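The values are calculated or read from the model by the stated rules, or taken from the named source; none is laboratory data. Nothing here was measured: the structure is a model prediction, and the numbers come from that model. Positions of Cβ are generated from backbone atoms using ideal geometry, with glycine treated the same way; all protein chains shown enter the neighbour counts. Areas reflect the complete protein model, heavy atoms only, side chains present, ligands, DNA and RNA absent. Shrake-Rupley method; radii C 1.70, N 1.55, O 1.52, S 1.80 Å.
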Amino acid sequence: MRCTGCARAIALPDLKENFRCPECGDLYEVEYPGWSTQNGRGFVDGGVRCNPPNASALRWLWKERRSSTELKDQSGVWRFRELLPILRDEQHIVSLREGNTPLYHLVRTADATGADRVFAKHQGMNPTGSFKDTGMTTALSVAYERGFSWVACASTGNTSAAMAAYAARAGMRSLVLIPEGKIAWGKLSQALDYGALTIQLKTDFDGCVEVLSEVVRRAPVYLLNSVNPYRLEGQKTPALEIAEQMNWDVPDHVIVPGGNLANSSALGKGFLEMKQLGLVDRVPRVSVVQAEGANPLYRSMRESGGERLEPVEAHTRASAIRIGNPASWKKCRNVVRATGGWVEQATEAEIALAKAEIGAEGIGCEPASAVTLVGLKKFLAEGKIGVHETVVLLLTGHTLKDSDYTIDYHRGKLLRDEEIGDLGAEIEITRRNTIELEADAEAVLRELEKAQ
Ligand SMILES: *Cc1c(COP(=O)(O)O)cnc(C)c1O
Ligand SMILES: [Zn+2]
């Protein structure tokens with residue numbers, strides 16, 4: 001484990017329960033010594049003998065596993081386990097067959113924007129409906145292997161849904177701390193369904209994080225927030241899948257929503273490690289988009305070139321990215337710098353419109369995911385992305401996660417006039433309200449006629 005702040009490396013047993021460096025307070029990152037294309041000898045990590053990284057053999061092996069009947073092969077995360085040497089014993093894998101998510105070509109977006117090679121990697125198609133599953137299978141397996149009976153997280157919703165599901169699979173208990181009255185009900189219902197002890201605290205997400213760090217200090221509870229470096233290891237695997245799905249010719253750009261900034265960090269780590277291992281010969285630019293009302297990294301890049309981050313009080317209806325003090329901001333900034341990406345922001349109206357447009361592709365996503373399409377439009381307009389370049393939007397959550405948002409949008413109750421600004425006409429085209437009629441075919445036919 002290497003500290004991302006002061007670069008000091010520590011051995012695993014010295015990792016503190018809050019996963020922070022005792023010297024500088026920063027986060028750790030899993031680092032694999034000896035990973036380079038020059039070194040074919042393999043290495044030993046945590047007692048596990050790892051295969052020498054041979055790019056073409058690995059590609060073949062990973063593909064072959066897709067037709068296996070074994071759980072660890074069917075998982076789109078553990079299928080890549082040569083790049084995840086984090087367990088002593090593979091028997092401890094806790095999996096719901098996550099990953100292996102689709103990469104969709106966005107045809108209508110191509111028509112609308114002029115960019116014809118735009119794809120959506122839909123992480124909402126995971127078992128609990130968000131990308132959080134890919135990191136939960138790795139971090140919870142570590143907790144299981146180490147003999148914990150309780151796991152815990154503070155969550156805006158999706159982390160708790162994923163954690164509760166994986167804990168239940170492993171026969172473990174889970175504790176969820178959520179901010180009062182500020183989460184999407186679809187997500188809370190999942191945590192309850194999967195049997196979590198769920199506590200709403202009278203504070204925001206950042207307040208929940210603070211309370212939880214004291215809880216894990218005082219009780220034998222394993223912390224599964226994204227400060228846990230093992231979550232990022234699982235969350236890097238969509239990068240591997242994207243490369244595989246594009247025949248190992250990576251896209252020019254990947255655009256990711258930014259909340260706590262772990263997911264963007266993890267994807268960047270995935271691409272950079274693939275390059276290091278000779279699996280791909282370049283890395284895409286990884287760009288991050290935040291909601292305007294929860295944009296501390298965007299501001300930091302503007303104001304100090306990413307040197308300092310001033311926390312903000314977060315406001316946005318995209319609940320998954322309503323985070324004002326992102327834990328992984330330095331990791332994310334490093335990825336943006338290393339890959340040559342950018343950081344953008346999206347207004348409430350831009351997010352809502354983009355979400356409706358992704359819905360109109362027959363795909364759909366949760367509000368937070370739609371910031372990626374807003375980013376694409378802005379990067380195209382500024383000439384940062386060319387129309388012939390290949391772009392992948394990372395859709396992080398399923399559209400059913402927050403159906404209240406969608407209904408409010410189509411009924412015209414989501415946005416205030418001053419929020420809509422000059423997007424009124426475009427929003428009007430995408431809105432689909434329900435129509436009430438007498439049970440009369442004639443009346444239905446008239447509506448059909450009007451809608452032609
Ligand atoms: C968690 C989440 C995000 C934000 O990811 P971070 O790693 O916190 O930046 C975005 N979208 C969805 C749907 C999420 O669940
Ligand atoms: Zn440190």
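Quick rundown of the values:
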item: Accessible area expressed per residue, the chain, with surrounding protein chains retained (probe 1.4 Å, Å²); result: 43 Å²
item: Selected from ALA354, GLY186, GLN123, residue furthest toward positive end of dipole (the chain; charges at beta carbon); result: GLN123
item: The chain: angle of helix 329-339 to the longest principal axis, Cα-based, in degrees nearest 10; result: 90 degrees
item: Rounded to the nearest 20 debye, dipole of the chain from Cβ charges on Lys, Arg, Asp, Glu; result: 1620 debye
item: In Hz, Karplus ³J(HN,Hα) per residue of the stretch 374-386 (6.51, -1.76, 1.60; θ = phi - 60°; x = Gly, Pro); result: 4, x, 4, 4, 5, 5, 5, 4, 8, x, 6, 10, x
item: Amide proton proximity set for GLY397, modelled H, under 5 Å, gap of 5+; result: GLY124, GLU366, SER369
item: Inter-part distance where the stretch 189-246 and the stretch 287-342 are each reduced to a Cα centre, Å; result: 19 Å
item: Cα shape, the chain, gyration tensor, a/c 1.5 rule; result: prolate
item: For VAL343, residues with placed amide H under 5 Å, excluding near neighbours; result: VAL288
item: Under-5 Å amide H pairs with MET172, H placed in peptide plane, nonlocal only; result: none
item: Using alpha-carbon coordinates, inclination of helix 262-276 to the longest axis of the chain, degrees; result: 60 degrees
item: Computed lengthening from THR434 to ARG59, 0.36 nm per intervening residue step minus Cα-Cα distance; result: 130.1 nm
item: Rounded, prolate or oblate (a/c below 1.5 giving rounded, otherwise prolate when a/b exceeds b/c) for the stretch 273-392 by Cα gyration tensor; result: oblate
item: Note, ³J(HN,Hα) from phi for the stretch 153-160, Karplus 6.51, -1.76, 1.60, rounded to Hz, x at Gly and Pro; result: 8, 9, 8, 8, x, 5, 5, 5
item: Solvent exposure ordering (accessible area, 1.4 Å, most first) of ASP252, ASP14, ASP193; result: ASP193, ASP14, ASP252
item: Potential lengthening between ASP252 and ALA451 on full extension [0.36 nm per residue; Cα-Cα distance subtracted]; result: 67.7 nm
item: Gyration tensor verdict on the stretch 215-259 (Cα atoms; rounded if a/c is under 1.5, prolate if a/b is larger than b/c, oblate otherwise); result: prolate
item: Using θ = phi - 60° and Karplus 6.51 cos²θ - 1.76 cosθ + 1.60, couplings along the stretch 224-231 (whole Hz; Gly, Pro as x); result: 10, 5, 6, 5, 5, x, 5, 5
item: Fully extended contour minus Cα-Cα distance, from LEU197 to LYS275, at 0.36 nm per residue; result: 23.9 nm
item: Dipole of the stretch 290-351, positive direction: furthest Cα of ALA314, ALA294, VAL336, with charges on the beta-carbon; result: VAL336
item: Charged-residue dipole, Cβ positions (Lys, Arg, Asp, Glu), the stretch 125-248 about Cα centre, Debye nearest 20; result: 280 debye
item: For ASP440, solvent-accessible area (1.4 Å; no DNA, RNA or ligand), Å²; result: 70 Å²
item: Filter on LYS236/LYS330; LYS330/LYS401; LYS355/LYS377; LYS63/LYS401; LYS355/LYS401; LYS275/LYS378 - keep pairs with C-alpha separation over 20 Å; result: LYS330/LYS401; LYS63/LYS401; LYS275/LYS378
item: Ranking by accessible area, most exposed first, for MET246, MET163 with a 1.4 Å probe; result: MET246, MET163
item: Per-residue SASA entry for THR128, accessible area with 1.4 Å probe, Å² rounded to 10; result: 10 Å²
item: Area accessible to solvent at TYR409, 1.4 Å probe radius, in Å²; result: 10 Å²
item: Furthest towards positive pole of dipole, MET1, ALA139, ALA167, structure part the chain, Cβ charges; result: MET1
item: Charged-residue dipole, Cβ positions (Lys, Arg, Asp, Glu), the stretch 316-452 about Cα centre, Debye nearest 20; result: 1100 debye
item: Global size of the stretch 54-188 as Cα Rg and Dmax, reported in angstrom; result: 17.4, 53
item: Carbon plus sulfur fraction of accessible area for the chain, probe 1.4 Å, in percent; result: 48 percent
